[in-house]
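Chemist: Pasting a structure here, questions to come.
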Amino acid sequence: MLKPIVLTLFAFLGISTISTAQSLAHEVGIIFGPVLFQSDFGERNNLDTTLGNTGFGVGLVHFVNFSSNSNRERFFSEHFKVRSELSFNRTKLNNFGEWTEKKPETLGVRQLKAMQGKSTVISLGSQLEFSPMKIHYYETSVGAFSPYVSLGFLVSYYTTEVSSSLGQLGTPEATFPKYLTPSDGRQFGFSSENGIVLSGTAGIGVHYKLNQMSDLMFETRFQAFSSDWVDGLNPNKKIYKENKSNDAQIWFNIGYIQYL
């Protein structure tokens, strides 16, 4: 747990040193909002699964602004910012959908309904943010909106716990059969563990110029992980084709940005 925090401190110190040396401007802020976790818990493309497996996230952001302290209107400096981020989110996970609603209720249905998980993710990384509006114009226009898109990469540290109210997972009495099959080097298709994974992120949002020195930010962002163990479930993909996709999450956030 300490390693991501230490890396974060070095990253922010490094960014601050470089940007100060080059007379670049800083913006810092906080973002927060609901996180929709798309995982092996529940039925894909099911509304109950989407709403039921919703967590909450919060993050610290830092922007390097290439335009604010420069009189040269180059395309890159007028339309791009580099955003660094440290974010945290946690989601409680359950099974929803057709297979938990079958009647009469079989042992398999009870096993799925009794299974529960919890995933905590800490992410650190950078994104490149592009806005079609010139940064110089936006900074002098209180009340203006500046839409943007972003792309980037994050390193994510995850901790996941999987359990069942029927008893110990890994036994036929408490575990749905597909999760008893070995998968991806694990004894079963579930695992309570922690680890570090890479993730790619893409977002779309808008900045609102609240006053001369601060913005509001509204964003929808998709984050795809390089692993399928972030939620604690990963049934053997050679047998269970419906679980072929890695874990991912969609974050709807609002933020407050302060210019330094």
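Chemist: Lys134 versus (1) open to solvent by less than 70 Å² (accessible area, probe 1.4 Å); (2) touching a residue at least 12 places away in the same chain (Cβ under 8 Å): which is the lone unmet condition?
Modeler: (1)
Chemist: I'm checking my understanding of the structure. Among residues of segment 78-120 that are of a type in the set (A, V, I, L, M) and in contact with a Phe, Trp or Tyr (Cβ under 6 Å, 6 or more places away or on another chain), which one is surrounded by the fewest Cβ atoms within 10 Å (Cβ to Cβ)?
Modeler: Our first condition is that a residue be of a type in the set (A, V, I, L, M); within segment 78-120, this holds for 82, 86, 93, 107, 109, 112, 114-115.
Imposing the further condition that a residue be in contact with a Phe, Trp or Tyr (Cβ under 6 Å, 6 or more places away or on another chain) reduces the set to 93, 112.
On the way: Leu93: 26, Leu112: 23.
The qualifying residue surrounded by the fewest Cβ atoms within 10 Å (Cβ to Cβ) is Leu112.
Chemist: A further question on this structure: Would you check if there is a residue in segment 206-217 being touching a Lys or Arg at 6+ places or on another chain (Cβ under 7 Å) and touching a residue at least 12 places away in the same chain (Cβ under 8 Å)? First the steps, then the outcome.
Modeler: Start the filter on segment 206-217 by keeping residues that are touching a Lys or Arg at 6+ places or on another chain (Cβ under 7 Å), which leaves 215.
Among the residues that remain, those that are also touching a residue at least 12 places away in the same chain (Cβ under 8 Å) are: 215.
Yes, segment 206-217 has at least one match.
Chemist: Same structure again: I need the full set of residues from segment 188-204 which are of a type outside the set (Val, Ile, Thr) and in contact with a Leu (Cβ under 9 Å, 6 or more places away or on another chain), in order please. Steps first, please.
Modeler: If we filter segment 188-204 for residues that are of a type outside the set (Val, Ile, Thr), which is where we start, we get 188-195, 198-200, 202-203.
Once the filter is applied, which keeps residues that are of a type outside the set (Val, Ile, Thr) and in contact with a Leu (Cβ under 9 Å, 6 or more places away or on another chain), segment 188-204 yields Phe188, Gly189, Phe190, Ser191, Ser192, Leu198, Ser199, Gly200, Ala202, Gly203.
Chemist: Name every residue in segment 124-180 that is closer than 30 Å to Ile239 by Cα, in a helix (DSSP H, G or I) and in contact with a strand residue (DSSP E or B) (Cβ under 8 Å, 6 or more places away or on another chain), in order of residue number.
Modeler: Tyr179, the sole residue that qualifies.
Okay, residues lined up against (1) closer than 22 Å to Asn65 by Cβ; (2) touching an Asp or Glu at 6+ places or on another chain (Cβ under 7 Å):
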| residue | (1), (2) |
| --- | --- |
| Arg110 | no, no |
| Lys113 | no, no |
| His136 | yes, yes |
| Val149 | yes, no |
| Leu166 | no, yes |
| Gln212 | yes, no |
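Chemist: Right, next: Scan segment 110-154 for residues that are among the basic types (Lys, Arg), closer than 23 Å to Arg90 by Cα and touching a helix residue (DSSP H, G or I) at 6+ places or on another chain (Cβ under 9 Å) and jot them down. Let's see the steps before the verdict.
Modeler: Taking segment 110-154 as the starting set, the residues that turn out to be among the basic types (Lys, Arg) are 110, 113, 118, 134.
Add one more test, that the residue is closer than 23 Å to Arg90 by Cα, and what stays is 113, 118.
The one that is among the basic types (Lys, Arg), closer than 23 Å to Arg90 by Cα and touching a helix residue (DSSP H, G or I) at 6+ places or on another chain (Cβ under 9 Å): Lys113.
Chemist: Quick check: is even one residue across segment 148-166 in contact with a His (Cβ under 8 Å, 6 or more places away or on another chain) and crowded, with 17+ Cβ neighbours inside 10 Å? Outline the logic, then answer.
Modeler: Start the filter on segment 148-166 by keeping residues that are in contact with a His (Cβ under 8 Å, 6 or more places away or on another chain), which leaves 148.
From what is left, the residues that are crowded, with 17+ Cβ neighbours inside 10 Å are 148.
Taking every residue of segment 148-166 in turn, at least one turns out to be in contact with a His (Cβ under 8 Å, 6 or more places away or on another chain) and crowded, with 17+ Cβ neighbours inside 10 Å.
The values are calculated or read from the model by the stated rules, or taken from the named source; none is laboratory data. This structure is a prediction, so every number in the text was calculated from the model and none was measured. Glycine gets a Cβ as well: all are built from the backbone with ideal geometry, and neighbour counts include every protein chain shown. Each accessible area value is taken on the protein alone, full model and side chains, heavy atoms only, with ligands, DNA and RNA left out. Shrake-Rupley method; radii C 1.70, N 1.55, O 1.52, S 1.80 Å.
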